[in-house]
Structure formats: structure tokens, C-alpha cells
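Only one structure is covered here, and it is reproduced in the block below.
The values are calculated or read from the model by the stated rules, or taken from the named source; none is laboratory data. Keep in mind that what you see is a predicted model, and the values were worked out from it rather than measured. Glycine also receives a Cβ, built like all others from the backbone with ideal geometry; neighbour counts cover every protein chain displayed.
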Amino acid sequence: MILSCSNIDKTFIDNHVIKNASFHIEDYEKAAIVGINGAGKSTLLKIITGQLSADDGLVTFAKDKNFGYLAQHQAVDSENTIFDELLTVKQEVLDLEASIRQTEADMKSVSGDELELLLKKYTSLTNRFETINGYAYKSEIIGILNGLGFGEEDFDKKVATLSGGQKTRVALGKLLLQKPDLIMLDEPTNHLDLNSIAWLETYLLNYKGAVIIVSHDRYFLDRIATKIIEIDNGIVSSFNGNYSDYAIQKEHLRAEQMKAYLNQQREIKHQEEVIDKLRQFNREKSIKRAESREKMLDKVERLDKPTEVKSDMKLTLTPHKTSGNDVLQIQGLSKSFGNQNLFENISFEIKRGEHVAIIGDNGTGKTTLLKIINELIPADSGTIKLGANVEIGYYDQEHHVLHMDKTLFEEISDDYPYLTNTEIRNTLAAFLFTGDDVFKKISALSGGERGRVSLAKLMLSEANFLILDEPTNHLDITSKEILETALNAYEGTVLYVSHDRYFINRTASRILELTQQQFVNYIGNYDYYLEKKDLLTPVSDTAPAATANEPSAQKLDWKQQKESQAIARKKENDLKKCEAQIEKLESRNSELDTEMAKPENATNVAKLQEIAKEQESITAELEILYEKWEELSE
């Protein structure tokens, strides 16, 4: 065991964030802390790291074990370059290398016993250098920087000039290089693109130490976590398995808790009714019995009602009218900023009812494309055509659709003046803004709260074509699930940019990957994309060229891809049907064998002929199905 937390308790004024929490982390274990926004996840990490003191309880680390901690926001202010900043972690290696070089120089000018001593020192230094992987420290740094999305052209950039997200990645790189016994990461995927997240997953899966992660990235947690530590209304509970395992266990547990709570409530109500009735009798014995029951009822430990956070926020997306079948057509679109060419001559179209996710590395132009479609910035060339009766609802990750100087109430009432005060309050209440919250300024809200206001406006828009830019950013897992449910029930068309793979898996019917300034189309969700990525990704200039007579998958337009993928799916379905039919007939054949072996049928010639005739028919049909199965299997 590397970490033990016993009876941790923490209260901020009247908010009892963590109640008597106890759990432990084993060596090499990968644990995740989950809970809604404000549940106390970051607070718990800060108590473990000693940045915050608990009101009660004890945090104990195993002897001689160390930890590294990455907070959500990093104040990395340094005049170093990115490479040199990571190099500071390798100071022991640099000092050893300098000592080795000095010892080599010293050996050139001495002899005898003095040389013997220097040789021993040199051997000791080189052994230590090899032990701490000194010969590979530069490639190790380069590997981590590449994995976190920094190209070699970025290595010489000054850390002080970087964005907040880039500084966080630098801090993460330094932490990984330190290789502590326990890594603690607070929302590590927030500033990473899909490739970097996948790299970090692999790194952490193979990491020789223990890991604790706070994250809302369910796909990430499914791949990494072997234990989930949940904070729910201050209560900390541990569940074995990954996030999906936890979700199943939690649902069962919540159902059991709700059943126990409702049973107890019924019993309490029943006892109260009995007590009232006994008092109404107004006799000495009945009053004493009522008092006795009342004392027993007072001693009952009341169960808290299980939290039902999913039912708190209500999101319903309903188009005002139906669009035409052709929702969006893009032809020959190009966009550059200075020398940076984002995409060139791209073309695609979106049909009514499609849920299309745009994915790609950071900086490839995904958000730019959405802004061009929404006429916020111009394209360099190409055409964008919206279909008949198309009405756009736009969700902007930077929330430019919100007015920072307005209150929540004004934000809704100014855009939807026909709503009554009660209707506005009810709308905001559906997104967890109640009472005086509605008079808060937009500028005073957190990122997650602004996201909820933007979603409220989106719900009111009644648009039939939703364009969403990173809609799950700043949302906790529960809010994400609410949004997923609403989108899956939405009868309109959706185009969105996201790096949330779990969200994409749940809501996308098609994926457009922006890579090498072009779009590659995948008819399916994120799991399908992973399965087909190598087949459909364009070949880079350095890759071997396809021969002239080989059909090149990347040159097919998306319609042809859609057709070929539909044929493949049909074959898969036909194969399953064929296997099911074979299994059914073989099972029937076995039943007929049993029938034929029954004593009562042994002398019944007519029955035996009937069975033989059916078996003959089955055998002939099976022969055809076996051939068909073989053909489909190929």
C-alpha cells in the first residue's frame, strides 16, 4: 500500500464537502476520483498533497515513497525554452555527465595510484549514469514532448510566451519525467488533443508507479482506471473496475438505496399515522402507547434520499420545423492564416438527421470551420450552401454568444422577449440556476456555468441544425450524460467538434477527421473510427505510394466510402443471420435424432419416414447455408 486516507473530514463554512472519508491506494494501482462539479474532487487531492489541511483524519504515505501532483491550472513562469524547462528535471543526469567529462579530462594528466583512484571514481560515476538512464535522457524528453503534442519546432519557444494550456502540458511533461511513486493528475486531458490523450493513456497504463486521476473523460477512465473513488454528497465510496463498471455498480446501488429509503419513508408515515390515531383515542393507555411508539420512531436512523442528479437538469431539444433533406453542402473550401494552411479544397455534405463529429489535432482548423459556416469569419475560397428551412443553433466553446455585461435573466429575456418572467425562471431552473442566481452577471460565472447558460439558449432556439463547438468542455459527467441523452433524442441534424471520445461514441453516426488539410470520412462512431483509421487515413509524403492498379481508399469521396461501408455492414449482418439459421437447423436436426431414438417411434414406420424426410430437407438446406457462410466469411 502506497497511500492510506483515514476518516478525512472537510467543511468550508456551511458546506460539508468530505465526510469521514477512508480509502487506500495500492502500489501500481490506477485510481480515478469522480463526482459532479463542486463535489470536492480537487479538494481531496489538495488534502492528500498537503496543500490543504483536513479538519479531521489522517493521510499516510508509505515509507520512502514520493508523489508528483499536477493541478488543473499551472503558473509556469520561466524564461527557459520548453526543452530546457524539461531538462531541469534531469539535473542529476547533467551533473553526473559533467563529473564524468571532468574525470575523463583529469585522467589524462595523472598516473599511478592517483589514476587508479580516478578510474574507480569513473567506474562508479558511469555505473550510476547508466542506472538512471543517463544515455537516453534527451530521447526521453523528446518522446514525452512529442507525445504531449509539441513538435520539434516548438522546443525552442520560451515557456513564458505559451498559453495556459501549453504551460499545463509543459508541467505535465516535467512531472512524467520525474517518475514519482505516485502520480496525481487533476483533469490532465483538458488541454490535450486526441492523439496526445491516447499517448498519455498508453504511458499511464505502462507506468510502473501508482496513479490517481481526477477526470470527466469517461473514455480515458475506462482505459486507465482499475478503481473508482466516488464523492457523492460528501460521502466517499470505492468501486473496483473502470468507469463503465462503476456506472453499473452505482446504478444498482442507487436503486437499492432508493428502495430502502422509500420503504423507510412508508414505515415512518405509517407509524406517524398510528401515533396520531392512538392520540385521537385520548385514553391513558393509548396515549402511553403513542408516546412509546414516538420514542422508538425518534431513535430510527433516518436514511438520506439518494441523489438523483440526472433528474435535476432537464434538457429537451426540439426543432421548430423540419429542414429539407440536404442540410449543408460545402464545396472547395479553403482557409489559411498567414503561412498556416488549415485546410484546402475540402468538400462534404450533411443530410437531415445525421449526427456528425469533427475530430483532429489541435490547430488543424476544426473551430475555424464552424465559424466559417456560422459566417463569423470568411473562407479564402469555396462555397457553403444551407438547405431549405435550415435554422442553425450555435454553441460556441468560448461562449461568444453570451454577453458578459448581462445578468442570466437579461441574457434570456433579451433574446426571447416573448417569454414571461415565470417561463424564464423555469428555463434557468432546469439548468440549475434558481433564486437570486438569475441576477448574477455572465462575467461572474464559471466555465461550466456559462456552458449551462449556452445550453439553455440552445434549447430555446428550437433550431433544426445544431452546430456545437466542444459542447462537453467544463461539464461534469452527469451533465454530459444529460446532453448525450438529449442529442440522441433530437430529431434534427447535428455537427459538432469534440475531443470527448465517450461523447462521440454515444452521439455520432459519422466522423470527419481533419488531417493533412483534408477530411477523411467514417460512417460510424468513435470505436468504428479506431477500427478503420489505418485503412482510410491519407498516406503521407514519406509513406510508400500505392501502385497504379490498387484502388486508393483515401481518394474515394465520402459517398463512395459510405456505399462500400454499407455493403460491408450488410455482409456482416448477413453472416450473423446465416450463422443463426445454421444453428437453428442443426438444433432441429438434433431434436429429430432424439425423436427417432424414442422407443414409441421405433416401430412407427410412418413417423420414422416423416422424421427422415424432414432431416433430408434440413441436410439439403444446411449444405446451401454452409456454402453461403463460407462465401460471406471471406
Subject >> Residue check, Leu172 of a type in the set (A, V, I, L, M), surrounded by 12 or more Cβ atoms within 10 Å (Cβ to Cβ) and assigned to a helix (DSSP H, G or I) >> reply: yes
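Yes or no, residue by residue, for (1) at pLDDT 90 or above; (2) part of a helix (DSSP H, G or I); (3) farther than 23 Å from Asp217 by Cβ; (4) in contact with an Asp or Glu (Cβ under 7 Å, 6 or more places away or on another chain):
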position	(1), (2), (3), (4)
Ile228	yes, no, no, no
Lys259	yes, yes, yes, no
Lys269	yes, yes, yes, no
Val274	no, yes, yes, no
Leu278	no, yes, yes, no
Lys285	no, yes, yes, no
Arg289	no, yes, yes, no
**OP:** Tell me which of these Lys65 doesn't satisfy, since it passes every other one: (1) closer than 23 Å to Glu140 by Cβ; (2) part of a helix (DSSP H, G or I).
**Re:** (2)
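Identify the residue in segment 74-95 that is surrounded by 15 or more Cβ atoms within 10 Å (Cβ to Cβ) and in a loop (DSSP other than H, G, I, E, B) and, among all such residues, is modelled with the lowest pLDDT.
Here the residue is Gln74.
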Original post:
Scanning for something free of Cβ contacts under 8 Å to residues at least 60 places away in the same chain and within 18 Å of Tyr69 (Cβ to Cβ), does segment 180-187 turn up at least one residue?
Top reply: no
Original post:
Do you know which residues across segment 427-460 are of a type in the set (Gly, Ala, Ser), more than 22 Å from the chain's Cα centre (by Cα) and either closer than 18 Å to Val497 by Cα or surrounded by fewer than 19 Cβ atoms within 10 Å (Cβ to Cβ) (or both)?
Top reply: Ala429, Ala430, Gly435, Ser443, Ala444
Original post:
Can you pull out the residues in segment 403-426 that are buried (at least 20 other Cβ atoms within 10 Å of the Cβ) and at pLDDT below 90?
Top reply: Ile424
Subject >> Any pair with Cβ under 9 angstrom, 6 or more apart, that starts in segment 296-323 at a residue that is under 15 Å from Asp232 (Cα atoms) and part of a helix (DSSP H, G or I) and ends at one that is hydroxyl-bearing (Ser, Thr, Tyr) and at pLDDT 70 or above >> reply: Val309/Thr478; Val309/Ser479; Lys310/Thr478; Lys310/Thr485
Subject >> Subset of segment 589-623 [β-branched (Val, Ile, Thr) and exposed (fewer than 12 other Cβ atoms within 10 Å of the Cβ)] >> reply: Thr594, Thr603, Val605, Thr619
Subject >> Criterion (in the same structural domain as Arg450 (by TED's automatic domain parsing), among the aromatic types (Phe, Trp, Tyr) and over 10 Å from Leu317 (Cβ atoms)) met by exactly one of Tyr490, Tyr502 >> reply: Tyr502
Subject >> Hits in segment 2-44 (condition: farther than 23 Å from Arg223 by Cβ, surrounded by 17 or more Cβ atoms within 10 Å (Cβ to Cβ) and either small (Gly, Ala, Ser) or free of Cβ contacts under 8 Å to residues at least 12 places away in the same chain (or both)) >> reply: Ala21, Gly40
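So that you can scan it fast, the table gives a plain yes or no per residue for (1) touching a Cys at 6+ places or on another chain (Cβ under 6 Å); (2) surrounded by fewer than 16 Cβ atoms within 10 Å (Cβ to Cβ); (3) farther than 29 Å from Thr478 by Cα:
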{"position": "Asp222", "(1), (2), (3)": "no, no, no"}
{"position": "Ile229", "(1), (2), (3)": "no, no, no"}
{"position": "Tyr243", "(1), (2), (3)": "no, no, no"}
{"position": "Lys250", "(1), (2), (3)": "no, no, no"}
{"position": "Ala260", "(1), (2), (3)": "no, yes, no"}
{"position": "Glu267", "(1), (2), (3)": "no, yes, yes"}
{"position": "Gln271", "(1), (2), (3)": "no, yes, yes"}
{"position": "Arg302", "(1), (2), (3)": "no, yes, no"}
